[in-house]
Structures are given as C-alpha cells and as structure tokens.
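What follows is one structure encoded as structure tokens, with my remarks underneath.
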Amino acid sequence: MALTVEDGTGLSNANAFVSLAEFKAFCDLRGHSYTTDPLIEQAIVRATDFMSNSWAWDGFKRKGRGNADGEQALAFPRTDLVDRDGYAVPYDSVPQEIKDATIEVARVELTTPGAMTPTYTPHERVKSEKVGPLSTVYDLSSYDAEGARPVILAVRDLIGAFLKNGGQSKLSGETMRV
C-alpha cells in the first residue's frame, strides 16, 4: 500500500496526514512500539479517514467543492483557522496537532483495527444482567453511537481548538463577565 501524504496543497488523492517516517519518529521518541510497515500504513489510512470525516472542523477546506483543480480528499489543509492561542494557521499545511492526533489514533487502530469505526446496534445493549443472586444495572443515559468509540483524551486535547464551537455542545456557549 502506498501512502499519499497531504503536502499542504489540497491533494485530490491524499490518503494520509502523516508519513511512515513521521509515525515511527513520534513513537520512537515516546517509547511506543509498533509492528510492520504495511500494518502501520493501513492504520495511518484508517486514522486519517477518522480524523478527516468524524469531526466538524472550523474554517474551510483549501480546495472546496467545484475547485478547478479538483476537490481535496482530506479535511486539511484549511483556511480561516486559528490555533488555541489565536494565531492564524497557515492555509498551506497540515497543523502539527492534527498530525500528532492522527498518529495517536493510528496507534489505537494498529492494536485494534476498526476501533474508531465500530458497528453500533442500540437495541443490542445490555441494560441489566442477573447471574444467580447478583444483578447489575448499567447507566446507559449518555450511551449513544458516538459513545461506542474509544475516547482518546490526547486527541481531544490536541484538536479542540480546531473544532467548530471549540468541540463544545451546540447547546452551550461562552460566558463573559462585563
């Protein structure tokens, strides 16, 4: 499998935010183990798919619909995007936070392929169980399809500034003291 890494130009055939070398360097620096190159590349593509399609990103794709050069394949690069400190993010690159988050997701996908895109069937949830004299009732109040995915806090922390509404619920807002 060949990775086509987004280079900041809005490639129409990109399938990765990071290269194999970037993945390995990130893992080596942090003492994370990894496996064979083909499995890593597959995990990177799945992670990039997840990162590109599972979030509502602020800003706009550099090459949106109807672009004369073709629509870009991935969610990044983007225009009109600022980082958590309020600085403009260059429109001709993939932010390092997105690359790092993609690697974190790829690490999960490497150990459990498909973890970020589970099949979810709500009516098959177990609400309570009884085995002999023991019974357990589960709190399912906030368990929905999104709850079937693993929560990778490092990813949320890295990308929060780039999400529409800062990643908050659409029902919440900001409070200001006047």
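The values are calculated or read from the model by the stated rules, or taken from the named source; none is laboratory data. These numbers were taken from a predicted model, which means no experiment stands behind them. Ideal geometry is used to build each Cβ from the backbone, glycine not excepted, and the neighbour counts take in all protein chains shown.
What the table shows:
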{"item": "Filter result (in contact with a strand residue (DSSP E or B) (Cβ under 9 Å, 6 or more places away or on another chain) and closer than 15 Å to Gly160 by Cβ) within the range 53-74", "result": "Trp55, Ala56, Trp57, Asp58, Gly59"}
{"item": "Subset of the range 1-43 [hydrophobic (A, V, I, L, M, F, W, C), over 12 Å from Ile103 (Cα atoms) and under 17 Å from the mean Cα position of the chain (by Cα)]", "result": "Val5, Ala14"}
{"item": "Qualifying position, being more than 15 Å from Ser54 (Cα to Cα), modelled with pLDDT of 75 or more and assigned to a helix (DSSP H, G or I), among Glu97, Glu129", "result": "Glu97"}
{"item": "Cross-chain or 6+ apart pairs with Cβ under 6 Å, the range 157-171 first and at pLDDT below 90, then surrounded by fewer than 12 Cβ atoms within 10 Å (Cβ to Cβ)", "result": "Lys164/Ala56"}
{"item": "Selection within the range 6-41 - in contact with a helix residue (DSSP H, G or I) (Cβ under 8 Å, 6 or more places away or on another chain) and not in a loop (DSSP other than H, G, I, E, B)", "result": "Ala16, Leu20, Glu22, Phe23, Lys24, Phe26, Cys27, Asp37, Leu39, Ile40, Glu41"}
{"item": "Test result for Asn13, surrounded by fewer than 16 Cβ atoms within 10 Å (Cβ to Cβ), without any contact (Cβ under 8 Å) to a residue 24 or more places away in the chain and not basic (Lys, Arg)", "result": "no"}
{"item": "Members of the range 75-94 that are part of a loop (DSSP other than H, G, I, E, B) and either buried (at least 18 other Cβ atoms within 10 Å of the Cβ) or charged (D, E, K, R) (or both)", "result": "Ala75, Phe76, Pro77, Asp80, Leu81, Asp83, Arg84, Asp85, Val89, Asp92, Val94"}
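So that you can scan it fast, the table gives a plain yes or no per residue for (1) on the phi < 0 side of the Ramachandran plot; (2) without any contact (Cβ under 8 Å) to a residue 60 or more places away in the chain; (3) surrounded by 12 or more Cβ atoms within 10 Å (Cβ to Cβ):
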site: Thr36; (1), (2), (3): yes, yes, no
site: Ile40; (1), (2), (3): yes, no, yes
site: Ala47; (1), (2), (3): yes, no, yes
site: Lys63; (1), (2), (3): yes, yes, yes
site: Gly66; (1), (2), (3): no, yes, no
